[in-house]
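I have placed the structure first, in the form of structure tokens, so that the comments after it can refer back to it.
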Amino acid sequence: MAKIDLDSLSIEELAALREHATDKLFEKVAARRAELEAEMEKLAQYGKPAKKTESAPVAKVKKTEEVREPKEPVAKAA
């Protein structure tokens, strides 16, 4: 990159240089953002929960292990 003697430039030239630099910066930021978004889309497939292919069998509670209802109603505290 060529060196620019900023002290020798007029106000108009400096303003044009700043605008050109700002435009180039926005272009580079937009290009990098597009790259990162594309990479994020690729990586997003790993963040989604996978379908359960094989699940462990659920243990069933036997009737003898179930909690039984009390035969007499329990008095409620008032």
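Here, each number is a calculation from the coordinates, and none is a lab measurement. None of the values given here were measured: they were computed from a predicted structure. Cβ placement follows ideal geometry from the backbone for every residue including glycine, while neighbour counts extend to all protein chains displayed.
You can think of it this way: the chain between Tyr46 and Ile4 has 10.3 nm of extra reach, that is 0.36 nm per residue less the Cα-Cα gap.
Were the residues from Glu37 through Ala21 laid out at 0.36 nm apart, the gain over their Cα-Cα distance would be 3.3 nm.
Each other residue within a Cβ distance under 14 Å of Ala34 adds +1 if Lys or Arg and -1 if Asp or Glu, for a net charge of -1.
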